[in-house]
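Undergrad: Please find one structure pasted underneath; my questions will follow.
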């Protein structure tokens, strides 16, 4: 049986859009998120699709329209799940504990103050208490899937403002499950509370417990097994299995897919495989988030706006303004600086993807009327288009010379781990361990990178900060904090491996001191050409150490021996760094004579 080309239309259209939109909008210095939203509307059933349906456009145009959103919605839902998984990897339970004041303090204040005002206005407009409660809480939600990438693009995620916004979004993500539970209770069968408890709360608790328990017992051994095999494709398969598997378990339990993925990320955040998992998952996260934004744009029905512009546009503008004011008031109550509070209020004011989920669920369960629910869905979608514009606006706001919120400034940032490390050791075998001991003796902080899974496991159990991964990948080094490190020590024995690591590291930090182990003089010269500060050839060092031992045993004073050895080492180093042909011939001639 052969498949029709139409079966692949949606995915081909998305991939083509991703290939064009992302680089084009980055070239224009506009967030690609805005591009996906616009492209989604243009190719969606209410854009070009509406022209095809009405007969106002040629039939061939149907080949490039998204006329069936149900085909891409399941994949698009994984975009948010992958984002929350990456957030979990960056956060960890320890960081969540550190951020508890922001997450459960300011986060709760922002959500409930916004919900209180919005719900109160809905009541004043003669909506039922149940509808007002759902609308208030749903519209209080913001877009994790859009705000986090916008902050990252503008290099604001690691700032005090970024950490504040991140913490509020995390609290909102944790609120999704209770909100969906509330919708179920307020729905058509709210009179059967015992059934709700049996079929909703119990599976949800069991699902969360299963993900947390099985994850703690299984995830680390699973990745150790895969890492020891040394097959990149197997490691990628394990990463995808964990994210998708935990998301599906969470969804089957009646929770959001993202919550299960977030828990899995938290469980893996303290493991030695964390950095390599981030590098492996990141491309899938970007693609699936793009698909999510495309589906959001495609679902925007402008006919509802034209039929009742005052209602839909007024609803969108009204709840954005109310949320901004409520968030600003909560921020000042928590004594954040005016600049931080204003930026936080503007970025969190528009609606989010979970608002769409909650409102759609409320309409389906008849807890919310179809008309007001439809208007709210359009208003939330419109507001999500505003997030990239908010990012542009806040980037132009005057910033204080220094952020003075001392308590916030001391909290760990999702993007800053590894930034405080003074050195990175790549290769932690016998040579690397000796280097590490010397760094410890002089109180120099460092992290280690190693590809031997068993060795990494043993050293991790001893309390060493070591990660398993491929240091020849620039994105992996970036995750390990290479941009802020003072030194990189490469001790791996393979010539090609050390050259690839140096070549990947140097462009990431022009001021970085790179010291690399070399096989011989020729290899050392190659490493110098790649940008190392010092290359240490094994053959030369062995000769110098033999000379030192022989001279001391022959009765030459130790001081004179050390001085002559240092002078000879400097002579070799200067000769290796020369690029002219004479130096090359001097070092190659002995090898030819051998």
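Undergrad: Could you please let me know if residue 317 is without any contact (Cβ under 8 Å) to a residue 12 or more places away in the chain, touching a helix residue (DSSP H, G or I) at 6+ places or on another chain (Cβ under 9 Å) and over 30 Å from residue 20 (Cα atoms)?
TA: Against the criterion (without any contact (Cβ under 8 Å) to a residue 12 or more places away in the chain, touching a helix residue (DSSP H, G or I) at 6+ places or on another chain (Cβ under 9 Å) and over 30 Å from residue 20 (Cα atoms)), residue 317 qualifies.
Undergrad: May I ask you to list the residues in segment 532-568 that are touching a strand residue (DSSP E or B) at 6+ places or on another chain (Cβ under 9 Å) and modelled with pLDDT of 80 or more?
TA: 532, 533, 534, 535, 536, 537, 538 - these are the residues of segment 532-568 that are touching a strand residue (DSSP E or B) at 6+ places or on another chain (Cβ under 9 Å) and modelled with pLDDT of 80 or more.
Undergrad: Quick check: is even one residue across segment 278-299 in contact with a strand residue (DSSP E or B) (Cβ under 6 Å, 6 or more places away or on another chain), part of a helix (DSSP H, G or I) and either assigned by TED's automatic domain parsing to the domain that holds residue 169 or touching a residue at least 24 places away in the same chain (Cβ under 8 Å) (or both)?
TA: No, segment 278-299 has no match at all.
Undergrad: Can you tell me how many residues in segment 336-350 are farther than 26 Å from residue 32 by Cβ and either crowded, with 18+ Cβ neighbours inside 10 Å or in contact (Cβ under 8 Å) with a residue 24 or more places away in the chain (or both)?
TA: Number of matching residues: 5.
Undergrad: Separate question: Test residue 363 against the stated conditions and say whether it is assigned to a helix (DSSP H, G or I) and either within 22 Å of the chain's Cα centre (by Cα) or at pLDDT 90 or above (or both).
TA: no
Undergrad: Does segment 300-320 contain any residue that is within 26 Å of the chain's Cα centre (by Cα), crowded, with 24+ Cβ neighbours inside 10 Å, outside the structural domain of residue 459 (by TED's automatic domain parsing) and assigned to a helix (DSSP H, G or I)?
TA: No, the conditions are met nowhere in segment 300-320.
Undergrad: Return a yes/no flag: does segment 537-550 have any residue that is part of a loop (DSSP other than H, G, I, E, B) and in the same structural domain as residue 577 (by TED's automatic domain parsing).
TA: The answer is no; no qualifying residue exists.
Undergrad: Can you tell which of 440, 457 is surrounded by 15 or more Cβ atoms within 10 Å (Cβ to Cβ), assigned to a helix (DSSP H, G or I) and not assigned by TED's automatic domain parsing to the domain that holds residue 280?
TA: 457
Undergrad: Could you list, in sequence order, the residues of segment 149-165 that are part of a helix (DSSP H, G or I) and either surrounded by fewer than 22 Cβ atoms within 10 Å (Cβ to Cβ) or in contact with a strand residue (DSSP E or B) (Cβ under 7 Å, 6 or more places away or on another chain) (or both)?
TA: Once the filter is applied, which keeps residues that are part of a helix (DSSP H, G or I) and either surrounded by fewer than 22 Cβ atoms within 10 Å (Cβ to Cβ) or in contact with a strand residue (DSSP E or B) (Cβ under 7 Å, 6 or more places away or on another chain) (or both), segment 149-165 yields 152, 153.
Undergrad: What is the residue count in segment 460-479 for residues that are more than 17 Å from residue 232 (Cα to Cα), touching a strand residue (DSSP E or B) at 6+ places or on another chain (Cβ under 7 Å) and assigned to a loop (DSSP other than H, G, I, E, B)?
TA: Of the residues in segment 460-479, 2 are more than 17 Å from residue 232 (Cα to Cα), touching a strand residue (DSSP E or B) at 6+ places or on another chain (Cβ under 7 Å) and assigned to a loop (DSSP other than H, G, I, E, B).
Undergrad: Let me ask something additional. Answer yes or no: is there a residue in segment 133-144 that is buried (at least 22 other Cβ atoms within 10 Å of the Cβ), under 18 Å from the mean Cα position of the chain (by Cα) and assigned to a helix (DSSP H, G or I).
TA: yes
Undergrad: Could you list all residues from segment 256-272 that are touching a strand residue (DSSP E or B) at 6+ places or on another chain (Cβ under 8 Å) and closer than 18 Å to residue 245 by Cα?
TA: Once the filter is applied, which keeps residues that are touching a strand residue (DSSP E or B) at 6+ places or on another chain (Cβ under 8 Å) and closer than 18 Å to residue 245 by Cα, segment 256-272 yields nothing.
Undergrad: Hey, residue 100 hits all of (1) under 21 Å from residue 333 (Cβ atoms); (2) surrounded by 19 or more Cβ atoms within 10 Å (Cβ to Cβ) but one; which does it fall short on?
TA: The single condition residue 100 does not satisfy is (2).
Undergrad: Can I ask one more? Based on this model, can you work out whether residue 119 counts as at pLDDT 90 or above, part of a helix (DSSP H, G or I) and in the same structural domain as residue 325 (by TED's automatic domain parsing)?
TA: Yes: the conditions hold for residue 119.
Okay, residues lined up against (1) in a strand (DSSP E or B); (2) crowded, with 16+ Cβ neighbours inside 10 Å; (3) out of contact with any helix residue (DSSP H, G or I) (no Cβ under 6 Å at 6 or more places or on another chain):
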{"position": "500", "(1), (2), (3)": "no, yes, yes"}
{"position": "510", "(1), (2), (3)": "no, no, yes"}
{"position": "525", "(1), (2), (3)": "no, yes, no"}
{"position": "528", "(1), (2), (3)": "no, yes, no"}
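Undergrad: Could you please find all residues in segment 443-454 being loosely packed, with under 14 Cβ neighbours inside 10 Å, part of a loop (DSSP other than H, G, I, E, B) and at negative phi?
TA: 445
Undergrad: Could you please find all residues in segment 551-568 being surrounded by 11 or more Cβ atoms within 10 Å (Cβ to Cβ), in a helix (DSSP H, G or I) and in contact with a helix residue (DSSP H, G or I) (Cβ under 9 Å, 6 or more places away or on another chain)?
TA: 551, 552, 560, 561, 562, 564, 565, 568
The values are calculated or read from the model by the stated rules, or taken from the named source; none is laboratory data. Keep in mind the model is a prediction, meaning the values are calculated, not measured. No Cβ is skipped: glycine too gets one built from the backbone with ideal geometry, and neighbour counts run over all protein chains shown.
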